[in-house]
Amino acid sequence: MEVKWTCNLLRCFLLNSFLTAILSQDSLSPGPIAYLISGSNVTFTCITSYDWNLTYFYDYGLMEENFARVIYQRNSSICRPLFIDIHIGVDKYTALPCSVGQPVSITIRYINSSYHNKTIACRLDQGKLITTTVKIRELLTSPEINPRGVTTIEDGTVFSFKCTAKSIPTSSIEWYIGGSKLNGTISTCYATETTVVSTIIYQAKKEHNNKSLFCSANDSFTAMNSSSATLNIEYVPTIHIYPGFNPYIVYAGQQNVTLACVVDDANPSDSINFHWTNLVGISSAHTIILSNISNLHSGEYRCEAENKVGNSSVSSTLLKVQYGPHLSNIVNQYDIVEGDNLIVSPLVDSNPVHGLIWWTRQNDTNFRHDSSVLEINRINRTSSDNYTCYVMNTITPSGMAEMNKTTKKTFYVNVQFKPFADYSSPYSSLHITEKKGGTLLMKVTITANPTPNIKWSFQAEADFGSCNFSTLLSNTTTTRFRTSSFLAFESVQISNFGDYTFTAKNSAGNFVRRFFVTEEVNAIPPSLEYVVCKSTTAIVMWKLISNGDRSLELYVQYGEHGRNIKLEKIQQDYTNQLMAYTVNGLTPNRKYTFSILAVNFLTESKSRTVECLTDVECFVARSNKETCDPVKEKPVIFQVGLAMLIVGLLFLTFVAVFVVCSSFKHSGPTKSDDNKEQTSNTILRSAENMSEFESRPPQEQRIDSENIAEANTYDEMPTLPKDVEPTKIDSIHLPKTNAYEDMDKKLKGEESKP
């Protein structure tokens, strides 16, 4: 049991000693290192938690010997200085008053550099020394930075700065730039006890340009900044293109468009070179000026700026050239044949795409066609005119108001048509008669587009049926679409009679007109022989004296008492036989006059006039036989004389026909292909309402000269035998020729007739 208690007691003692050592904290203040200013007076206090009787202060700054310079004594009631060393100097050490339970202190005056790294100590009774190492302070002065002043560094490069500070105690050094702490790779070297050198590895940044870099030293007592290094950070330019539109929209024809390569920042900012890359070449100027914008200027424009550090990044803008419409695929003139379809389909190049296209016509203000294609179906000649195609789009240049751009193209539509007769101008008839030595004029006016080639050809009467044609020179004038051409002969000869053919031909077709020129022959009237009258009818008998004039027309003229003359057209067969024509619708018991009228192109003549008294009205019996007053028979001698007279007349007629036929051999065809143009005689025109194509009327008959029926006239006529049937005369067909058709085939067919 005793052993166990002893162990516990020992354990308690050790624990108590450990706790006492922890809680005592014996020290000498200031300490354990005291930084003192040379020549200063410093009070040292010995701090202990032990109860002590004597406390000794040692000054090893003057000597290394263990000699107490000041001794304090203390008991339970008093505390007082027991010893003070004065042989160094009365005022060297001062023992400060003390109190029981309080630390004791001494003041050492005039601590100088000899105290540096020396010890001041105190000891309680015979215990352990409690020390303070004295360091004589070296006051911190302004740290030095190297390099200092203006320091030029290129952006991104690494540069080192050094900062040197001298002090005791040695200082800690920090780096600053523009007032902000600078972090970087920092190394610190303590060259001596008083000198510290700090080196920072700095990577230049353009944002530090013109900022101050400095170091700050702190020796725990004083903090002080170094002089500064002004950073001149050199860096490549930063740029932009002005105007700042991207894309930059301009329009074709815009003047003096300027693109500027603007330097936002650069160091150095002088001696900057520029490099432009674009579709119009390379430029080294600050700006490029596009004096007159065209489509060639479209594209990307790139700019770089260069100083001694290097090239800037590339700045670019896309230049878009907008332009009004460009029209193509429209020719200046469209030649089109009448009746065809006109289609004009233009090609339009514009930026942006056109929004509107329309068409107008010069001489028609009401004409407007809104479509991308102009189409006129079955065009006619009235459509010939100047037409204009308009195209519009809207451009939107950067920084400007919208603009409408309109382009137009004018073209002429030339509607071509084949020649046709222009009846608004005087023209010649198709059948012309002229006397020898007279003046002959043939004129034709036509309308055509394009202007036709005119040709006159001629075949003389003597060459009819052959292929002998000659080409004649004519007088031809053209005014716009109208062409007039004529042939003129001052003194007509036999060789001028014949067939003249006018031909007008262009790319659209041709027009042919033929003229038949014959010698002028006076109309010779037939010989009126007898008129036999009944109550309501009359038989007119005559003999035709032919002169070969095939244009001759015959009319029966009759009227009561020579008044209210009526005309009835009759046909003739160009023979010398006795002809008869029955006139109907007469009034019984009236006296009528009868004659035969002969008409050709230029003249007319009339036969002798014969009077005839119609019978009284006849009574028709039940037997359907007409019963009238008998007519007294003429003596036989008169009948014989009448027959001899008729024979004589026939002989004279034969002689006249022989002479005329001889001259007719020199005459050409007399039939007209345009009867409407042949007639100028007033009597002939009044008879034009009668059809030229009618058959011979039944009342017109051929009568043989040997059998003349008994007639109620002032002269007796032989009677017709009852068994003789009168022969009808064939009608003569006179064709009309369409002026727009080629009459060559028909006329050649007629020429071949006997």
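The values are calculated or read from the model by the stated rules, or taken from the named source; none is laboratory data. Please read all numbers here as calculations on a predicted model, not as lab measurements. Don't worry about glycine lacking a Cβ; one is built from the backbone with ideal geometry, like all the others, and counts go over all protein chains shown. These area figures cover heavy atoms from the full protein model, side chains too; ligands, DNA and RNA do not enter into them. Shrake-Rupley method; radii C 1.70, N 1.55, O 1.52, S 1.80 Å.
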**Item:** Of all accessible heavy-atom area on segment 463-536, the percent that carbon and sulfur account for (1.4 Å)
**Value:** 51
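Could you report segment 285-378's accessible area per residue, 1.4 Å probe, as an integer in Å²?
Working: 5340 Å² over 94 residues.
With all protein chains present, segment 285-378 gives 57 Å² per residue.
Report, as a whole number in µm² per second, the diffusion coefficient that Stokes-Einstein gives for segment 433-551 at 10 °C and 1.306 mPa s using the Kirkwood radius over alpha carbon pairs.
Rounded to a whole number, D works out at 90 µm²/s.
Tell me the relative contact order for segment 309-363 as a rounded percent, counting alpha carbon contacts under 8 Å between residues six or more apart.
Numbers: 32 pairs, mean separation 21.8, N = 55.
In percent, rounded to a whole number, it is 40.
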**Asked** Hey, with R₀ at 41 Å, roughly what FRET efficiency would residue 494 and residue 566 work out to, going by the Cβ-Cβ distance, to 0.05?
**Response** 0.50
**Request:** Would you mind counting up the charge near residue 181? Only other residues with Cβ under 14 Å from its Cβ, with Lys and Arg at +1 and Asp and Glu at -1.
**Result:** 0
**Message:** Quick check: Cα centre of segment 203-237 to Cα centre of segment 20-92, how many Å?
**Reply:** 48
**Asked** Which length gain, in nm to one decimal place, applies between residue 294 and residue 113 when the Cα-Cα distance is subtracted from 0.36 nm times their residue separation?
**Response** 56.1 nm
**segment 134-184-segment 478-505 distance, computed between alpha-carbon centres (Å)** = 124
**Asked** Put a dot 7 Å past each Cα toward the Cβ at residue 187 and residue 80; how far apart are the dots in nm?
**Response** 6.5
**Item:** Computed E for residue 457/residue 507 - FRET, C-beta separation, R0 30 angstrom, nearest 0.05
**Value:** 0.90
**Prompt:** Largest first, how would 535, 328 line up by accessible area (1.4 Å probe)?
**Reply:** 328, 535
**segment 58-216, accessible surface, carbon-and-sulfur percent (1.4 angstrom probe)** = 50
**Asked** Which whole-number percent gives the relative contact order of segment 94-177, counting Cα pairs below 8 Å spaced six or more residues apart?
**Response** 21
**Asked** According to the Cα gyration tensor, what semi-axes, each the square root of 5 times an eigenvalue, does the equivalent ellipsoid of segment 21-69 have, listed from largest to smallest in whole Å?
**Response** 22, 16, 9
**Request:** Show 406, 194 ordered by accessible area, largest first, where the area counts protein heavy atoms only and the probe is 1.4 Å.
**Result:** 406, 194
**Request:** Mind giving me the FRET efficiency for residue 381 and residue 469? R0 is 56 Å, r the Cβ-Cβ distance, nearest 0.05 is fine.
**Result:** 0.95
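Residue separation times 0.36 nm, minus the C-alpha to C-alpha distance between residue 271 and residue 285: what's the value? Could the numbers behind the result be given before it?
On the way: separation 14, 0.36 × 14 = 5.04 nm, distance 1.22 nm.
Separation in residues times 0.36 nm, less the Cα-Cα distance, equals 3.8 nm.
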**Request:** Taking the dipole about the Cα centre of segment 126-222, with the C-beta of Lys and Arg at +1 and of Asp and Glu at -1, give me whichever of 161, 204, 217 is farthest to the positive side.
**Result:** 217
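Please work out the ratio of the alpha-carbon Rg of segment 271-414 to 2.2 N^0.38 Å and round it to two decimals. Walk me through the numbers before you get to the answer.
Numbers: Rg = 23.4 Å, N = 144, 2.2 N^0.38 = 14.5 Å.
After normalising by residue count via 2.2 N^0.38 Å, the value is 1.61.
Taking 31 Å as the cut-off for C-alpha to C-alpha distance, list the pairs among 435/606; 418/569; 443/566; 162/308; 128/166; 455/606 that go past it.
Numbers: 435/606 22 Å; 418/569 40 Å; 443/566 37 Å; 162/308 28 Å; 128/166 36 Å; 455/606 42 Å.
The pairs that break the limit, which is 31 Å between Cα atoms, are 418/569; 443/566; 128/166; 455/606.
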**Sequence of 302, 563, 361, 69 from largest to smallest accessible area, 1.4 Å probe** = 563, 302, 361, 69
**Request:** Provide the net charge surrounding residue 239, with neighbours chosen by a C-beta distance below 12 Å and charges set as Lys +1, Arg +1, Asp -1, Glu -1.
**Result:** -3
**Item:** Net charge, residue 250 excluded, C-beta distance under 15 Å - Lys, Arg +1, Asp, Glu -1
**Value:** 0
**Request:** Please work out how much accessible surface residue 356 shows to a 1.4 Å probe, ignoring ligands, DNA and RNA, in Å² rounded to 10.
**Result:** 70
